[in-house]
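Data first, discussion second: the structure below is written as structure tokens.
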Amino acid sequence: MIKAVNGNEGTSESGQRYDHKHIEEKWQKTWEDNKADLTEEPKPDEKKYYALSMFPYPSGTLHMGHVRNYVITDVLSRHYKMSGYKVLQPMGWDAFGLPAENAAIQRGINPEEWTDINIKQMKAQLKRLGLSVDWSKEITTCKPDYYKWTQAIFLKFYKAGLAYQKEAYVNWDPVDKTVLANEQVDSEGKSWRSGAIVEKKLLKQWFLKITSYGERLINDLNELEGWPERVKTMQANWIGRSKGACIDFKVRGHEQKKITVFTTRPDTLYGVSYIALAPENSLVKELTTSANKQVVNKFISKVSAMTELERTSDTTEKQGVPLGTYVINPLSNEEIPIWIGDYVLDDYGSGAVMGVPAHDTRDYEFAKRNNLKISQVISTDSNKESEVSLPYIESGITINSGDFTGLDSQTASKRIIIKGAEEAWASNKTQYRLRDWLISRQRRWGCPIPIIHCKDCGPVPVPEDQLPVLVRNSRNMDSVSHEKDQISTNHQPSVNCPKCNKEASPEEDTMDTFICSSWYYLRYTDPTNINNPFETNKANTWLPVDQYVGGIEHAILHLLYSRFFTKVLYDQSLVSFKEPFKRLLTQGMVQGITYKNIQTGSYVKLEDIADPINPKDPVTGESLSIIYEKMSKSKYNGIDPASVIDKYGADTARLFILFKAPPEKDLEWDDADVEGQYRFINRLWKLVNQYVIDSSGIITKDTSKDDKLLRALVHTAINETTKDLRENPQFNTAISELMKLTNSINQYYHKVSQPILKEAIYTLVSLLAPFAPHISEEFWITLGNKTSIHQEAWPIYDKSALVKDTFELVIQINGKVRGKINVNTKLEQEQIKKLVTESDIGKKWIADGRIKKVIYIPQKLINIVC
């Protein structure tokens, strides 16, 4: 039951203007007082629906991208709740990270204090949207009651051999002074957050062994039928599966040493003219001759200053130097020189490649530059070596390949691998572009890694009963060093080793914040559990998430990591599902009108422009381009959601953000369209309140034709709106159906009987409820109901309402259209023929003519030939 907030609660406001501020504040308070959004746990025989938006970073300010994301999820939650499902729609905060730490340093306060202030602000802003979020499920990743379990899950990975520490060249952000995962470096070699050119640095770091799950991560993409193909393709390309073979090349003069390379083209083995190692490869130092040492060291120093993009780009000239040592080709027994090349990456494969210049573009360029041998071993025909231009990179027929000459590439590859396996120098292998996930971060405001370093015992896990390892708290954040050469920022006092009880040191690095977001959807199902991260039965009841909503920018990072975590937890029997998200909706960006100087690349505020029609740069006088770009403070094109809610109301903001564009497309902000939705709400306000005034005076009369027409329109709206919310959410077309139904009710308002008009009004309000929850609640009470509209059942589609008793028949006489008549659907063809001949049209055009032939197309047309 709806409880009254004040003496006028639940009374009609008919005749009064639409006061969105009063209505929205009233119902938000009512919902909160009544705990209307608390989650009900589903029983075994009940349907469940888990709707989840990617949780926000608490920046302190809500933007229109947030509004779009959370309103989409809320509409689905409300719809499914009305449809009889038990619904879980939680909210939380992805709260660790650099922005809070940097803000705290600037202000001289604790980052937790800064984060708490921002969460309080954003929570209040979110509540103004009328979201049906269950705030009792709220989680915050920077709180000990959450990151205790992040640490516990890390230890499960560690004990399973999936977390390890090693010294490696890592991506170093010189601005934020921290390490980045490969996925956090963009295609231009820049940091995903600071935009700085990423450097390489040799550090001892923690990794998660995501490569062990590469095959399952790529294969199980086929099971994600509710995911956009674009996202699945992005993940498949990032994982980058390649099938080929590992080939061992023995090093001459080093009988115990061999260099292993991976290749997808064993058929080209006779064409190998050099082996290239990554400059960082551990074998380089050992295999470099004294005569080449100076040149090699100089080259390594040069490459260390290059970004990965510069090293691997197709447009960058490939460079290298020889080590002065050689390997033996296992097929031809030829000596092959060993080089280091800037384009070879140590953390991809074995950090070594075999150079086949005649059949690889990159190798061809490298060989040409360094005067290396180029031997063609593949052609279009076994006798046509000269008829193809090099490099010839296609498959073909082997030439100059000893016993394997004359074979097609596929057959040659298979036979060469068989021979190599027999002689123990080759084996089949599937390799991935994916590399292990580097999770170490040299920052304080992050989840501490629960490892103790003991001189005697090595790395030792912190016992689970001693978790959490607390974040180091200090108000004097300025003491954190950000000097490039002093990386460690989380110095802690010594502790005792859990194994031997001797003095030891705690791990100083913190975890990548993506660790925290890789399992949060599980914690929502059991957020107050003090004994485990979550109860398995609760997680298995609610998961996988039925609808996940977030930006396309998370296609590789967050979504791939979450899939990895779920599979690991599945393998440990902690969950019964292999994928975390059943359906994924990647909503488009919200764009605003932007004034940009194309020459300088600078953006200009609207208030600094004298003439918005023909805008000029106030500094240079140059013409400005008027374009739509993603809303951003730096582009001066953002719209504050609070200002829209203040002026038009949350229901208007919700309708606009959903109606303007399909959810997966970018949305261009336009004030005129916002006002259009506000006018639509006011039309609804007028219609419903007019009905309340008129309903007692409407007389039931025989208007069966119009009754049937309006009822058909009502159930068409139910059917189309339901499909738009179920099959492939299309909120813009669903709202369009509400607009059409509103117009139809106005059209037939004085033509139909009271029961039909009541059904139409009640249906309209019910269909509107998920989209505009405040005004729908107001309408429902104004109509005389005592319960919440959001507790009512979703309207049921009645197919029979669309069945017509009559149809319009086109009459042709001798092939020419002479008119139309309404015909009962139950009449047979002979009856219809008689009806037509006796009609005014038939009497006029058939007259005394003799009917030779009748052509009848059921329920469409009759042609009488005289």
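The values are calculated or read from the model by the stated rules, or taken from the named source; none is laboratory data. Being a predicted model, the structure only gives us computed values, none of them experimental. Neighbour counts are summed over all protein chains in view; Cβ atoms, including those assigned to glycine, are modelled from backbone coordinates with ideal geometry. Accessible surface areas use protein heavy atoms only, side chains included; no ligands, DNA or RNA. Shrake-Rupley method; radii C 1.70, N 1.55, O 1.52, S 1.80 Å.
Scan the range 609-634 for residues that are surrounded by 18 or more Cβ atoms within 10 Å (Cβ to Cβ), within 27 Å of the chain's Cα centre (by Cα) and more than 27 Å from A734 (Cα to Cα) and the total you get is 0.
Go through the residues of the range 819-835 one by one and say whether even a single one is within 30 Å of M82 (Cα to Cα) and open to solvent by 20 Å² or more (accessible area, probe 1.4 Å). There is no residue in the range 819-835 that is within 30 Å of M82 (Cα to Cα) and open to solvent by 20 Å² or more (accessible area, probe 1.4 Å).
Of everything listed in (1) at pLDDT 95 or above; (2) in contact with a strand residue (DSSP E or B) (Cβ under 6 Å, 6 or more places away or on another chain), the single unmet condition for T566 is (2). Evaluate the following for D176: is it closer than 16 Å to M511 by Cβ and either in a loop (DSSP other than H, G, I, E, B) or among the acidic types (D, E) (or both)? So D176 passes the test. Screening the range 622-658 for residues that are among the charged types (D, E, K, R) and part of a helix (DSSP H, G or I) and picking the one that is farthest from V67 (Cα to Cα) gives K635. Taking the stated definitions as given, is I452 under 34 Å from the mean Cα position of the chain (by Cα) and either at positive phi or open to solvent by less than 20 Å² (accessible area, probe 1.4 Å) (or both)? So I452 does not fit the description; no. Please determine whether any residue of the range 455-477 is under 30 Å from A103 (Cα atoms), at pLDDT below 95 and open to solvent by less than 10 Å² (accessible area, probe 1.4 Å). Checked against the condition, which is being under 30 Å from A103 (Cα atoms), at pLDDT below 95 and open to solvent by less than 10 Å² (accessible area, probe 1.4 Å), the range 455-477 yields at least one hit.
Would the range 655-666 turn up any residue that is in contact with a Leu (Cβ under 9 Å, 6 or more places away or on another chain) and without any contact (Cβ under 8 Å) to a residue 12 or more places away in the chain? Within the range 655-666, not a single residue is in contact with a Leu (Cβ under 9 Å, 6 or more places away or on another chain) and without any contact (Cβ under 8 Å) to a residue 12 or more places away in the chain. All but one of (1) in contact with a helix residue (DSSP H, G or I) (Cβ under 8 Å, 6 or more places away or on another chain); (2) outside any loop (DSSP other than H, G, I, E, B) hold for A661; which doesn't? Condition not satisfied by A661: (2). Here A539 fits the description: small (G, A, S), open to solvent by less than 20 Å² (accessible area, probe 1.4 Å) and at pLDDT 95 or above.
Scanning the range 543-579 for residues that are open to solvent by 10 Å² or more (accessible area, probe 1.4 Å) and among the basic types (K, R) returns a single hit, K578.
Residues that are in a helix (DSSP H, G or I) and open to solvent by 70 Å² or more (accessible area, probe 1.4 Å) were ranked within the range 362-382; the one that is nearest to D314 (Cα to Cα) is R362.
Contact map, the range 704-717: first residue more than 16 Å from E737 (Cα to Cα) and among the charged types (D, E, K, R), second residue at pLDDT below 95 and outside any helix (DSSP H, G or I), Cβ cut-off under 8 Å, separation 6 or more or different chains; pairs are D706/K751; D706/V752; D707/V752; D707/S753; K708/K804; K708/D805. Test T742 against the criterion of being on the phi < 0 side of the Ramachandran plot and touching a Lys or Arg at 6+ places or on another chain (Cβ under 7 Å), and give yes or no. The answer is yes for T742. Here is the figure for the range 533-567: residues that are of a type in the set (G, A, S) and touching a Pro at 6+ places or on another chain (Cβ under 6 Å) total 1.
Quick one: in the range 326-344, of everything that is farther than 17 Å from K373 by Cβ and either modelled with pLDDT of 95 or more or in a strand (DSSP E or B) (or both), which residue is most open to solvent (accessible area, probe 1.4 Å)? Looking at residues that are farther than 17 Å from K373 by Cβ and either modelled with pLDDT of 95 or more or in a strand (DSSP E or B) (or both), I get P330.
For the criterion of being at pLDDT 90 or above and either among the β-branched types (V, I, T) or exposed (fewer than 13 other Cβ atoms within 10 Å of the Cβ) (or both), G849 fails. For the range 286-312, the set of residues classified as in contact with an Asp or Glu (Cβ under 8 Å, 6 or more places away or on another chain), in a loop (DSSP other than H, G, I, E, B) and open to solvent by 50 Å² or more (accessible area, probe 1.4 Å) consists of A305 only. Scan the range 298-320 and tell me whether some residue there is more than 30 Å from S191 (Cα to Cα) and not charged (D, E, K, R). Scanning the range 298-320, I find no residue that is more than 30 Å from S191 (Cα to Cα) and not charged (D, E, K, R), so the answer is no.
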